[in-house]
Amino acid sequence: MKLFQASPDRLSNRALDAIQAGRYDQAEKLGQQLLHDYPELFDGHDRLGLLREAQGRFQEAADHYRAVLAMIQQDPQGTDADTVQLFTERRDQALQQVKP
């Protein structure tokens, strides 16, 4: 049992900082922790999608963005059209980078 559980905002920001700094192993751990600790939030998939893009793993990035869109579709309350558009564009841009 964990004695301390970081807030989702803190984990999400740390994951983004790690991606931007090229610390992909750390970003992976933080993204996975977001998925595990906060499965109801799409932050984990968002950060792992960004990480996969940075790693050049575009199909996996698109899969994470698809997961975000599926979560929004299941529970659209509180999600605006701009957020849906953002993740749709990220998914589509990642898919355009996938090599046949």
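Here are the numbers:
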{"quantity": "Enumeration of residues in the range 8-39 that are among the hydroxyl-bearing types (Ser, Thr, Tyr) and surrounded by fewer than 20 Cβ atoms within 10 Å (Cβ to Cβ)", "calculated": "Tyr24, Tyr38"}
{"quantity": "Hits in the range 20-48 (condition: out of contact with any Gly (no Cβ under 9 Å at 6 or more places or on another chain), assigned to a helix (DSSP H, G or I) and either among the charged types (D, E, K, R) or under 26 Å from Lys99 (Cα atoms) (or both))", "calculated": "Gln20, Tyr24, Asp25, Ala27, Glu28, Lys29"}
{"quantity": "Matching residues in the range 57-100 - criterion: being part of a loop (DSSP other than H, G, I, E, B), touching a residue at least 24 places away in the same chain (Cβ under 8 Å) and open to solvent by less than 60 Å² (accessible area, probe 1.4 Å)", "calculated": "Val98"}
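The values are calculated or read from the model by the stated rules, or taken from the named source; none is laboratory data. Owing to the predicted nature of the structure, the values given are computational and were not obtained by experimental measurement. For neighbour counting, all protein chains shown are included, and Cβ atoms are generated from backbone atoms with ideal geometry for every residue, glycine included. Keep in mind that these areas ignore ligands, DNA and RNA; they rest on the heavy atoms of the full protein, side chains included. Shrake-Rupley method; radii C 1.70, N 1.55, O 1.52, S 1.80 Å.
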